[in-house]
Structures are given as C-alpha cells and as structure tokens.
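This report concerns only the one structure given below.
The values are calculated or read from the model by the stated rules, or taken from the named source; none is laboratory data. Keep in mind that what you see is a predicted model, and the values were worked out from it rather than measured. Please note: Cβ atoms are built from the backbone with ideal geometry, for glycine as well, and neighbour counts cover all protein chains shown. Note: areas computed on protein heavy atoms with side chains; ligands, DNA, RNA excluded. Shrake-Rupley method; radii C 1.70, N 1.55, O 1.52, S 1.80 Å.
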Amino acid sequence: MTLPTKLVIVIRADLSAAWAVNAAAVLALSLGGRLPHPPAADAEDGSGEPHVGLNPHPVPILSATADQLRDLHRSTRADADLITVAFNEVAQQARTYDDYVTALAATPADEINYVAVAAFGPRNRITALTKRFPLYAPTDASITARPDDTRRRAGLFPTTDDRRFTTPATGDERQMLHDMLRAQRTTLTLKCADVEDALDRRSVPPSTLSLLGLIRHLADVERRWFRQVLAGQHAPPRFSSQTNPDGDFDDAVSDPAFVTAARQAWHDEVTFADAFIAAAHNLDIEGNDTWRGTVSLRWVLIHMIEEYARHNGHADLLRERIDGTIGM
C-alpha cells in the first residue's frame, strides 16, 4: 500500500560518501523524534528473536546543488504541513552542540550554506518539491538513477517554452524536414544549457563522449554536408583532421575559450545551413561526397535528422549524469 506521506533526505551533490552518511544519520535522528506517527510495531524472526520496529517509509537519499538545497529548505519551511530538518555548514564545523547554537545565532540566514535537508509530509507535496533531484552518487556527484515516481523518463525536457514538436505534421516536405532538423538542434541546445562547467564531463570509460564534444562534432558535421558537399566550398573540419580524426571529442575541455569557440562554430554552421536550405530551388539539388557519392539535399536533411537524433540520445545520458535532468 502506498503511504499518504513521504520522507526524503537530500544531500549536497559534492559531499563525500563519509560526510553524506554522517549528514543522513544526523537528519534521520533529528527528524525521527518529530514524526507524528507512533513507531512501527516490533516484529519477530522465524526463530522467535525480537526485532525493533522500523520506519515504514522508504527513505530515498537524493542529491542537489547548494543553491537547490537552499531553495528546498526555504520552500519546505514555508509549508506548514511539512516537517523539515536541515544540516548546515555551521553545524558541520561545530565541535559541540553548544558551539553550534552560538555560531548559528551569529550567522545571518542568507549566509548559511546547507549540507543536507530532510523533509516529511503529504506525499504529493514532497514529490512536487523533490522529483527533479537524482539519487545521491558518492563518487563524483554523477547521476546514475532518478527516484521519480511521477514523471516519465520519456517526458519532455523541463523548459518553460518548448515548441519543438508543435510544427505542422502535414504539408510542404522541405518545411517538415527542416522543422524536424531544427527540433533536433534545439534538443541539443537544451541538453547543453546551464551546465557550462560540466560540458566536458566524460561518460563511462573508455568513452570520451561529452556534451562539449557533441557540440564540436555536430559543428563539423553541419559544416561537411552543407558547406563542403552541397555548397562545394573548401571548408575543412574545425575540430578534427585526418591525423586527429577524434579531435572533436578527445580535445574537448571546458576551458571557457574552448566552450565559446565550440558554441560559436556550431551556431555559424547552423546559420549557414539554414540559409542554404531556404535558398535551395528544391530538395533534389545535389552534391558529391567522398563517402556516399552523389547526394541530394533531401538525403542530407534526412541524414542530419538521423545524426542529431543519435547524438541526442548520447546527450540524454550525459546530461542525466551531470545533474539528473531527464526528458526528450
């Protein structure tokens, strides 16, 4: 039976395993005495030995950034139906409880950094406040799973104005293909948004895939098919070469200059491609490629949709590993 109440503990994502265990234990002890329900009944094993009753709630240990923890604490404290206990850096650094009380009294609220927050209350409210947080991963704050019981993995990427899939589904062939390509490009943009410092984070070894690598790679892919093949320009790849064919991925590092260059290159190639598509007389115009021979604009558009769709699948997992965000 699903309980009408829910209990969660949210740990700061960069906390080490040892500190995370300590924080979870402190919060569990602190919260336990404040729960409104009596303790679960004791039980006996098959040999008749007694076992003290356990808390009947599953206790997911989630992770969040420092800013997210501060917002969560503010939100849960504002809801009178929720019970909230927070573990902060003031407590973490105090030698005794008296030291903590004294130090806390001297620390303004906006200067308190939270290490972990525990919350208990009506299931729907707790879920609404914590469903975006992934499971705590102690090795490198990477994300391996989401304990989300209300939102499907195949839902749309969380954004306030998502019109990728609202374009016409009938009508002009060129328009539909171009709209679909734009939707795939927008998906990559969403997956790479708001994680500048983690764009170079690799997937699982030995892969060198990263979000930054995908941006660099797809800039070169756009450049190849639209500038080289269809427009006939001399336009060698920006991020790879014959001697370094995987430079787009292998050399992707999150130096701000590298990130800026990659984003600008991708933007420039997309702008050129869009202008080329719009100006083309029809989808049957052709170019010559060293791999596929003669290709049409129609084939290139279909291939580009395929290319983005495949790499956006990679981006799904890369983004989830960074901060737990899922969705198409």
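Figure note: Trp19, Trp225, Trp299, Trp291 ranked by solvent-accessible area, largest first, 1.4 Å probe, ligands and nucleic acids not counted: Trp291, Trp19, Trp299, Trp225. Our coupling estimate for the stretch 97-111, obtained by passing each phi through the Karplus curve with A = 6.51, B = -1.76, C = 1.60 and θ = phi - 60°, is 5, 4, 4, 4, 4, 5, 5, 5, 5, 9, 10, x, 4, 6, 9 Hz, Gly and Pro reported as x. Using Cβ point charges alone (K and R +1, D and E -1), the dipole size of the chain about the Cα centre works out to roughly 580 debye. Taking 0.36 nm per residue of separation and subtracting the Cα-Cα distance, full extension of the segment from Glu196 to Asp79 would add 38.8 nm. Label-to-label distance, Gln175 versus Arg292, with points set 7 angstrom from Cα along the beta-carbon direction: 2.5 nm. Distance between the pseudo-spin-label points of Thr208 and Ala280 (7 Å out from Cα toward the beta carbon): 3.2 nm.
Assuming R0 = 56 Å, what is the FRET efficiency of Gln242 and Glu111, from their Cβ-Cβ distance, to the nearest 0.05?
Values: r = 55 Å, r/R0 = 0.99.
Using R0 = 56 Å, I get an efficiency of 0.50.
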